[in-house]
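Right, one structure below, let's go through it.
Each reported figure results from applying straightforward, stated rules to the coordinates on display, with no laboratory input. All of these numbers come straight from a predicted model, not from anything done at the bench. In this analysis, Cβ positions are derived from the backbone assuming ideal geometry, glycine residues included, and neighbour counts consider all displayed protein chains.
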Amino acid sequence: MADISAKLVKELREKTGAGMMNCKKALTESGGDLEKAIEWLRQKGIASAAKKEGRVAAEGLVHSYIHTGGRVGVLVEINCETDFVARREEFKGLAQDIAMQIAACPNVEYVKVEDIPQDMIQSEKAVEMGRDDLASKPENIREKIVQGRIDKRLKELSLVDQPFIKDQNITVAELVQQLVAQLGEKIQVRRFTRFVLGEGIEKEEVDFAAEVAAQTGSK
């Protein structure tokens, strides 16, 4: 068995962000070969990404993105397990990609389907059940059609269910999982806010023709 020094363990940890015990095990399994140990950790990360869901992710960052022209802005909080991973360029790149995704998807309102309030879901269901195109269909058929429509609508509101803007073959959720596998930590999008210039402001409509006529008549 190769003699694994503390210095080598530290170097592997700095390169991968993996925990100390995992680094030591990787080096042991790889006979002290640093590159093989990195590959070992990567493979284990891919195999165990789903197991990281139960971990606490309280580190991370709040990332801001202003779209060209300054008309749309995004704030997004993305969490990970350690400050070490939060400082990684890959993590910052993920934050930028997700912020751009939010800016590009004006219909997205929630991080995931589970975040959507039940009263909103029931309201959507009631609207769909009352549509004219379903009036003549049996109750069980209507239920199936409505459920399909509701599921589609909920995914349209969910950030993680969107096709990734840079690669339409994967979803945002899959993009996050790829980095989980690479960095070996739980990573999650916690919340976001989108700002659209002028949104919610009632703009005064000015009838310039009437205004000119009024001014002319007063002379």
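When every Cα-Cα distance of the range 60-132 is counted in 10 angstrom steps from zero, the calculated P(r) takes the values 17, 34, 26, 16, 6, 1 percent.
Between the listed residues Ile150, Val108, Gln178, the Cα displaced farthest toward the positive end of the dipole of the range 36-188, a dipole computed from Cβ unit charges relative to the Cα centre, is found at Gln178.
Neighbours of Asp97 by Cβ distance under 13 Å: Lys/Arg scored +1, Asp/Glu scored -1, total -2.
Between the range 94-127 and the range 69-90, the C-alpha centres lie 19 angstrom from each other. With the highest mean first, a sort of the peptides 142-148, 37-43, 65-71, 107-113 on other beta-carbon atoms found within 10 angstrom per residue produces 37-43, 107-113, 142-148, 65-71.
Assign one of three labels to the range 93-172, namely rounded, prolate or oblate, based on the Cα gyration tensor with a ≥ b ≥ c the square roots of its eigenvalues; rounded applies when a/c is under 1.5, prolate when it is not and a/b is larger than b/c, and oblate otherwise. Prolate.
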